[in-house]
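The values are calculated or read from the model by the stated rules, or taken from the named source; none is laboratory data. Since the structure is predicted, the reported quantities are computational estimates derived from the model, not experimental observations. Cβ: placed from backbone, ideal geometry, glycine included. Neighbour counts: every protein chain shown. In case anyone asks, the SASA skips ligands and DNA or RNA and just uses the protein heavy atoms, side chains included. Shrake-Rupley method; radii C 1.70, N 1.55, O 1.52, S 1.80 Å.
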Amino acid sequence: MTPGRFRVTLVLDGRRAMRGWWNTEATARRQFAGLVGQYGRPGAHIALADEETGETLTEWPTVQ
């Protein structure tokens, strides 16, 4: 089974803690928002990427 197009990754204190793939961007964005709500604290990094284009669609904390 091929993973979905949209990947969400959670990194805590420099170590990958979770990674998941979804076929629809809307579902992946909901998962991303849920992780930000649950793990959005110093030492966390959460990213949503489009595996097809290689583009990072959003990340937390926001990179300036």
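Here are the numbers:
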read-out	value
Search result, residues across the range 38-64 that are among the acidic types (Asp, Glu) and either open to solvent by less than 90 Å² (accessible area, probe 1.4 Å) or touching a helix residue (DSSP H, G or I) at 6+ places or on another chain (Cβ under 6 Å) (or both)	Asp50, Glu51, Glu59
Any chance Arg16 is surrounded by fewer than 12 Cβ atoms within 10 Å (Cβ to Cβ), at pLDDT 95 or above and within 12 Å of the chain's Cα centre (by Cα)	yes
Residue count, the range 26-37 (criterion: touching a residue at least 24 places away in the same chain (Cβ under 8 Å), within 14 Å of Arg7 (Cα to Cα) and open to solvent by less than 70 Å² (accessible area, probe 1.4 Å))	3
